[in-house]
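Report on the following structure.
The values are calculated or read from the model by the stated rules, or taken from the named source; none is laboratory data. All values derive from a computational prediction rather than experimental measurement. Note that each Cβ is placed from the backbone with ideal geometry, even for glycine, and that neighbours are counted across all protein chains shown.
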Amino acid sequence: MNPTVQILLTVLYILVTIAVCLKVIIDTRSTSKTLAYLLLIILVPVVGMLVYFSIGMNYRKNQIYSKKLTKDQKLQQSLETRIRADTLELAAKHTGLLGHSQNTVKLILNDSSSPLTAGNHVELLINGEAKFPKVIEALEAAREHIHIEYYIYENDVIGNRIKEILIRKAAEGVKVRFIYDDFGSHGIKRNIIRELTASGVEAYPFHRIFIPLLANRLNYRNHRKIIVIDGETAFTGGINISDRYINPHHRNNPEVGYWRDTHLMIQGPGVMYLQYLFITSWRFCSKQELEELFDFFPEAYHAKGHSLVQIAASGPDSRRAGIQLALQSAISSAQKRLYITSPYFIPGDSMLNCIKQAALGGVDVRLLVPGTSDSYFVNAAAKSYYESLLEVGVRIFYYRKGFIHAKTVVVDDHLAIVGTTNMDLRSFELNFEVSAFVYDRKTNTELAQAFMKDLSHSEELYLSAWRKRSAYLRIAEAVVRLVSPLL
């Protein structure tokens, strides 16, 4: 190659690299993520830039969709004002139960106008064996509408069982609306989706993907699992619609992987915000404006139980990492115990420091993670955090019965958190997620008991043994941690 051309190409590449690095610095709000992309771009020429432009660049930073319930600005403002007043009044009324969680309630309210609600019946559902019978029973009882929003819906026994119910309910006149993630539920597009739409069910992908390998949208996944029935009953949590969650094969052959997960059934006014989340997603996916919008929210909710419920939600269109902030607030409020279950644990510095702060403050902090992960790189990155946690007294357990997929937090004796949110940067910043904050001693006790039962199938890690790991493993984990914000 001509030396002059070679020099010009080198100068051009340097200028392009500088420009891309400046764009990363300006557009990426996470410091750790910024550093990871800069490292990739500088150390892996050309490929690093392609990775950033394909999965890292935020093409929707201005907002993916409108999160407002109505286009009427005065009505929207009136609704938000009413929600704020009702929440603050309810929080003041239940100071004894909320205790140190008052600030968490206000944070969720100020971040997303999500109300604190009373009079809810909350049922903890362990694994698909408990979830799916309840879901099927509720679907069969639907009178007016069924709203479903899922990350993974599979073409298997349980997926087809629910499909048949949806088709039958649509034939009975129930309005069925279905949102699926085009990446997570790609296996149903040629069969289940076609059968549903041919039978009168309205179904739309959250983000349609045409060329998966080139789609930046792969980086923005709708990781939520939401079912809302007649605006009165809702389900949310970590369990997708898939046979793996009911462990059919494990019962006959223990060597086949066992999946452990947690879900919630909510009845009462706590359903409102889950309904709101579905409707705003529906407007974006279907490009439809639902008529008689407020018919989806019952005017009067009869008390179904005694639980206080507040829903936290966030996504890449949010101005703040709302769920991350809510979790950090809840963790910081712990006075006695803090039990965290997370299948993917890449917390980032701010979350890591919150957990350390709790442990150093004398809180009984326990972390339950998979003994065997379904991702080598995520597992390696997670391990890079364990030593600093063990040093401050956090007790870490490897789940050995199978793969633990639950995303739960137990705070003291009054707060239970169950949702779709992993404790990693992808969930905090890239995915659309939802978590239920349940302020109720009964639910808290049940979730704590489930956690302790899981520990009976787990192996505890100890600092002295952990420090004896080979230098090779420690170096590999440290290297993977550098790019962990991209995982």
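Assorted remarks:
- Test: residue in the stretch 170-184 that is touching a Ser or Thr at 6+ places or on another chain (Cβ under 8 Å), surrounded by fewer than 22 Cβ atoms within 10 Å (Cβ to Cβ) and under 18 Å from F132 (Cα atoms): no
- Selected residue (criterion: surrounded by the fewest Cβ atoms within 10 Å (Cβ to Cβ)) from residues of the stretch 296-312 that are in contact (Cβ under 8 Å) with a residue 12 or more places away in the chain, under 19 Å from I146 (Cα atoms) and out of contact with any helix residue (DSSP H, G or I) (no Cβ under 7 Å at 6 or more places or on another chain): P298
- Of all residues in the stretch 397-417 being buried (at least 24 other Cβ atoms within 10 Å of the Cβ) and part of a strand (DSSP E or B), the one that is modelled with the lowest pLDDT: I404
- When G159, G200 are checked against the criterion of being at pLDDT 95 or above, closer than 23 Å to D230 by Cα and surrounded by 16 or more Cβ atoms within 10 Å (Cβ to Cβ), G159 stands alone in meeting it.
- Test: residue in the stretch 312-319 that is touching a Leu at 6+ places or on another chain (Cβ under 6 Å), modelled with pLDDT of 90 or more, closer than 23 Å to S112 by Cα and not aromatic (F, W, Y): yes
- Meets criteria (closer than 28 Å to A91 by Cα and among the acidic types (D, E)) for D349: no
- Lone qualifier among S333, S373, S350 - being more than 17 Å from E459 (Cβ to Cβ), at pLDDT below 95, touching a helix residue (DSSP H, G or I) at 6+ places or on another chain (Cβ under 8 Å) and small (G, A, S): S350
- The stretch 431-453: number of residues that are in contact with a Lys or Arg (Cβ under 8 Å, 6 or more places away or on another chain), within 19 Å of N240 (Cα to Cα) and of a type in the set (A, V, I, L, M): 1
- Only residues that are of a type outside the set (A, V, I, L, M, F, W, C), over 21 Å from the mean Cα position of the chain (by Cα) and within 17 Å of I239 (Cβ to Cβ) were counted across the stretch 130-154, and they come to 3.
- Strands (runs of 3 or more DSSP E) contained in the stretch 102-182 and holding at least 3 residues closer than 20 Å to W282 by Cα and assigned by TED's automatic domain parsing to the domain that holds F297: 145-150, 175-180
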